[in-house]
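Q: Let me begin by handing over the structure; questions about it come next.
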Amino acid sequence: MTNADSATTRPARTRLAPTPTGALHLGNLRTFLVNWALARREGWEILLRIEDLDSPRTKPGSDRQIIDILEWIGIDWDRGPEYQLPHMDRYAGALDRLAQRGLLFACSCTRSEIADSMEFARASEPDPNGFTGGRELRYPGTCRDRIIKEGWRERFPLAGIESPDCLRILTEDRPITLHDALAGPVVLNPAREVGDIVVVAKSGLPAYQLAVVVDDLDQNMTHVVRGNDLFSSTARQILIYRLLGAADRIPRWFHLPLIIGPDGRKLAKRHGDSRVSSYRDAGTSVERIIGLMAYWCGITASRWAMSLDEFTAALDVSSIPYDPIVFTPEDDAFLRG
Ligand code: GLU
């Protein structure tokens, strides 16, 4: 059975999953808008999940700002907002299963220790898909003999207390095929990219890779729409689904091309102020913002203002250009009218 088959036998459900680390910018908005429009058209239920585990990057109040912008655009949801921090038992249950299977070990290696040992391996093994960017360090397995089967919770209480150790999963060196609805099959091998995957960070909180799988399972997600900078994460998550005995619950994936700046890097603060709130405050209309998104998604051949309903009716994911989309001065000028 493929991912797609298993996903369609359950009630369709998706999530908007912002990390509250700052204001929503045009790149994030494009992802949420496509996710929302697909969901509304196809009848998928939508959960708003605020991913607040990313301490210390999370910023108080930024969840509210994100919600405010989504509401202003007209993006809504059927359930939520749900947060992650109140659900430590959920992550602990998954860690129990991994520990019982003898897959968890404690690791005290620092970034610079890993960097010292792995520089050679990264330079000699470029990613054949070109998706992983080559910025991550590959963990060489130094602490693999520190397996913890019992009592992991006494040492890792999931209380956000800094620890000299993180918890990793023994990660088999094996290619994983990710079936993406937009990109087709993509083959990645987490063991060759990052080595043993971190599931509890030194911050004392569950790491993103574990939390997202546990949440998506618990919340019965069938469709995941996000940026293709997360391809490499998706392979790690597929592996975690399998290790948790949930291979039949892997969602259907839609990875969207990134919005980048003129320098070829992911759209971010360095490219100037692309916060949606700044455009709103300067008087840009929702229709202009949606019009730019429509242009970026291949719906229109030039930029013009568009309503949310028009966007939703016209969106065709197979027409989204798959190369990264560049945010240009002309885009900015159009928004400023
Ligand atoms: N919270 C993540 C982000 O804002 C998205 C995670 C996901 O879609 O799985 O980049």
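Q: Note the full-extension length gain between Arg90 and Glu330 as 0.36 nm times their separation in residues minus their Cα-Cα distance, in nm to one decimal.
A: On the way: separation 240, 0.36 × 240 = 86.40 nm, distance 4.64 nm.
Fully extending the segment from Arg90 to Glu330 adds 81.8 nm.
Q: For Arg13, which sequence-distant residues (separation of 5 or more, or a different chain) have an amide H within less than 5 Å of its own amide H, given hydrogens modelled in the peptide plane?
A: Amide H to amide H, under 5 Å and 5 or more residues apart or across chains, Arg13 pairs with Glu45, Thr222, His223.
Q: In the chain, what is the count of Lys pairs whose alpha carbons are under 24 Å apart, counting only pairs at least 8 residues apart or on separate chains? Walk me through the numbers on the way to the answer.
A: On the way: Lys59/Lys202; Lys59/Lys266; Lys59/Lys269; Lys149/Lys202.
Step by step, the pairs that qualify in the chain add up to 4.
Q: Given the chain, what percent of its DSSP beta bridges are antiparallel, to the nearest 5?
A: Working: 15 of 31 bridges.
Percentage antiparallel, nearest 5: 50.
Q: Where does the charge balance sit around Asp89 when Lys and Arg score +1, Asp and Glu -1, over other residues with C-beta under 11 Å from its C-beta?
A: Cβ neighbours under 11 Å give a net charge of 0.
Q: For the chain, the longest stretch holding no GluC sites (Glu not before Pro) located in a DSSP loop with at most 10 other Cβ atoms within 10 Å is which? Spell out each step's value before the answer.
A: Values: sites that count: Glu150, Glu162.
The longest uninterrupted stretch comes out as 163-337.
Q: Here's another thing I want to ask about it. I need the Debye-formula profile for the stretch 260-335: one equal scatterer per C-alpha, no solvent, reported as log10 I(q)/I(0) at q = 0.17 1/Å, two decimals.
A: -0.68
Q: Using modelled amide H (1.01 Å from N, peptide plane; none on Pro or chain starts), what sits under 5 Å from the amide H of Leu267, excluding residues fewer than 5 places away?
A: Ile259, Ile260, Gly261
Q: Hey, with R₀ at 22 Å, roughly what FRET efficiency would Asp78 and Arg10 work out to, going by the Cβ-Cβ distance, to 0.05? Write out the running numbers ahead of the final one.
A: Working: r = 16 Å, r/R0 = 0.72.
Calculated value: 0.90.
Q: So, one more: Gap in Å between the Cα centre of the stretch 142-201 and the Cα centre of the stretch 17-58?
A: Cα centres, the stretch 17-58 to the stretch 142-201: 24 Å.
Q: Then there's this: Please flag any cysteine in the chain that has no other cysteine's Cβ under 4.7 angstrom from its own Cβ.
A: Cys109, Cys166, Cys297
Q: Using 0.36 nm per residue of separation minus the Cα-Cα distance, give me the extension gain between Asn220 and Arg155 in nm, one decimal. Display every interim value, and only then the final one.
A: On the way: separation 65, 0.36 × 65 = 23.40 nm, distance 3.01 nm.
Between Asn220 and Arg155, full extension yields 20.4 nm more.
Q: Could you work out the relative contact order of the stretch 260-335, using alpha carbon pairs under 8 angstrom and six or more residues apart, expressed as a whole percent? Write out the running numbers ahead of the final one.
A: On the way: 75 pairs, mean separation 27.0, N = 76.
That works out to 35 percent.
Q: Once the Cα gyration tensor of the stretch 176-335 is diagonalised, what are the square roots of 5 times its eigenvalues, in whole Å and ordered largest first, as equivalent ellipsoid semi-axes? Write out the running numbers ahead of the final one.
A: Values: eigenvalues 220, 68, 48 Å².
Largest first, the stretch 176-335 gives 33, 18, 15 Å.
Q: If one takes the longest principal axis of the Cα atoms in the chain, at what angle in degrees, from 0 to 90 and to the nearest 10, does the Cα axis of helix 88-100 lie?
A: Helix 88-100 and the main axis of the chain meet at about 40 degrees.
Q: May I ask for the Rg/Rh ratio of the stretch 85-207, computed from Cα atoms with Rh as the Kirkwood radius, given to two decimals? Show your work: numbers first, answer last.
A: Numbers: Rg = 15.7 Å, Rh = 15.7 Å.
Rg divided by Rh gives 1.00.
Q: Something else about it: Which residue, Ser285, Ser55, Ser112, tops the fluctuation ranking in a GNM of the chain built on C-alpha contacts under 10 Å?
A: Among Ser285, Ser55, Ser112, the largest mean-square fluctuation in the Gaussian network model of the chain belongs to Ser112.
Q: Let me ask something additional. Quick one: Tyr322, Tyr208, Tyr279, fewest Cβ neighbours within 10 Å first, how do they rank?
A: Numbers: Tyr322 14, Tyr208 20, Tyr279 24.
In order of increasing Cβ crowding within 10 Å: Tyr322, Tyr208, Tyr279.
Q: Moving on to the next point. Which residues in the stretch 154-171 have a backbone N closer than 16 Å to a point placed 7 Å from the Cα of Arg97 along the Cα-to-Cβ line?
A: 169-170
Q: Same structure again: In the stretch 323-337, which residues have a backbone nitrogen under 11 Å from the label point lying 7 Å from Glu310's Cα in the Cα-to-Cβ direction?
A: none
Q: Based solely on C-alpha atoms, express the radius of gyration and the Dmax of the chain in angstrom.
A: 20.4, 62
Q: What do you get for trypsin sites (Lys or Arg not before Pro) in the stretch 30-125 restricted to DSSP loop and a cutoff of at most 14 other Cβ within 10 Å of the site's Cβ? List each step's numbers first, then the result.
A: Working: sites: Arg30, Arg40, Arg41, Arg49, Arg57, Arg64, Arg79, Arg90, Arg97, Arg101, Arg111, Arg122; in loops: Arg57, Arg101.
Counting only loop positions with at most 14 other Cβ atoms within 10 Å, the trypsin sites (Lys or Arg not before Pro) in the stretch 30-125 are Arg57, Arg101.
Q: Output the relative contact order of the stretch 85-207, whole-number percent, from Cα pairs under 8 angstrom with separation of 6+ residues.
A: Numbers: 185 pairs, mean separation 36.3, N = 123.
Contact order relative to length: 30 percent.
Quick note: the coordinates plus some simple rules give every number you see, no bench work behind them. These numbers were taken from a predicted model, which means no experiment stands behind them. Reconstructed Cβ throughout: ideal geometry from the backbone, glycine too, with neighbour counts over all protein chains shown.
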